[in-house]
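Here the structure is laid out as structure tokens; the discussion comes afterwards.
What follows is calculated from the coordinates using simple rules that are stated; it is not laboratory data. Quick caveat: nothing in here was measured; it's all calculated off a predicted structure. Virtual Cβ from ideal backbone geometry, glycine too; neighbours counted across all protein chains shown.
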Amino acid sequence: VRATTKTEVNASGVIVDVPINVPSFDYTNGSCPSILVEPQRTNLLLRSEDFDNSTWVKIHVTVIANATTAPDGNLSADKIISTATETNHIAFNDPSSFVSSQSYTFSYYAKSAEYTKTAIRIGGAGYSIVNRAEINLSNGTIIYQQGFTSLQVQSFGNGWYRIQGTFISAPNLVPNIQPLSDSYSVVADNYTFLGNGTSGIYVWGAQLEAGSNATSYIPTVASAVTRNADVISKTG
């Protein structure tokens, strides 16, 4: 049983809704799924699919809403475009607060457009070693990473990857999504390059949850959303 809806990745690789008290399944083993049992989690990031919304702070980037088909099959994925400046290019979403010294996992779905790389970064002054990583969106490989206690890249087909970084929290930190051109360089633990005002990457489904792993996607709009735990029992 579960008193809230949730999402799962179905046998066709599409993210779909699962109704209240209906079990969800894990199809990673192909045609023989297993029941997916997950703990209660809350997506702390508002507007998880609306990167054009003011909740997402844009630094030297612009956003085109609903630019391509998302992993849920809808025309709801946005495009983050770097402006024509020689600097860093960032979109970030500031949750209300972190509990210090606790594990959190930040995840988002990304797909290459003109750029074939993205950076996941936990920005702020709370670390001596900044959590950051560069991902190749052509093949899902990790180019470089530092600071994360765990970093995973999961393929969802049609060029989409879910990037999942687990870190230990500290005050004044915010999760960053950054498009990267091939000419990027690293300056003071951030990424800088000359954008052109038209090139970028596709993004969808950002999530920040307390815990040491990413769970199934929890969409949000104007407030944080909690998915209740799955409770499995047997009778007879």
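So what is Rg over Rh here for region 77-193, counting just Cα atoms and using Kirkwood for Rh?
0.94
Which one of S181, S233, F193 has its Cα pushed farthest toward the positive end of the charge dipole of the chain, where Lys and Arg give +1 and Asp and Glu give -1 at the Cβ?
S233
Relative contact order for the chain using alpha-carbon pairs under 8 Å, separation at least 6, rounded to a whole percent?
Across the chain, relative contact order equals 29 percent.
Report the charge-dipole magnitude of the chain in Debye, nearest 20, computed about the Cα centre from +1 at each Lys and Arg Cβ and -1 at each Asp and Glu Cβ.
Dipole magnitude for the chain comes out near 300 debye.
From the alpha carbon gyration tensor of the chain, can you work out the equivalent ellipsoid semi-axes (sqrt of 5 times each eigenvalue) and give them in Å, largest to smallest?
30, 20, 16
Order 167-175, 187-195 from most to least packed using the mean count of other Cβ atoms within 10 Å.
167-175, 187-195
Show me the trypsin sites (Lys or Arg not before Pro) within region 128-236 that DSSP assigns to loop and that have at most 12 other Cβ atoms within 10 Å of their Cβ.
Here the trypsin sites (Lys or Arg not before Pro) that fit, given the DSSP loop and packing criteria, are K234.
Assuming 0.36 nm per residue, please report the length gained on full extension of the stretch T42 to V99 beyond their Cα-Cα distance.
Between T42 and V99, full extension yields 19.1 nm more.
Rounded to the nearest 20 Debye, what is the dipole magnitude of region 17-57 about its Cα centre when Lys and Arg each give +1 and Asp and Glu each give -1 at the C-beta?
Using Cβ point charges on Lys, Arg, Asp and Glu, region 17-57 gives about 140 debye.
Between T235 and N53, with labels modelled 7 Å along Cα→Cβ, what's the label distance in nm to one decimal, could you check?
4.0 nm
Using amide H atoms built in the peptide plane, which far-off residues or other-chain residues are under 5 Å from K117 H to H?
Here L137, L180 satisfy the definition.
What lysines does K111 reach when the alpha-carbon gap must be under 26 Å and sequence neighbours fewer than 8 apart in one chain are set aside?
List returned: K6, K58, K79.
Please report, in whole Å³, the volume per residue of the convex hull around the C-alpha atoms of region 194-236.
Taking the convex hull of the Cα positions in region 194-236, it is 166 Å³ per residue.
Tell me which of T69, L137, P219 sits at the most positive position along the dipole axis of the chain, charges placed on C-beta atoms (Lys, Arg +1; Asp, Glu -1).
Looking along the dipole axis, the top candidate is P219.
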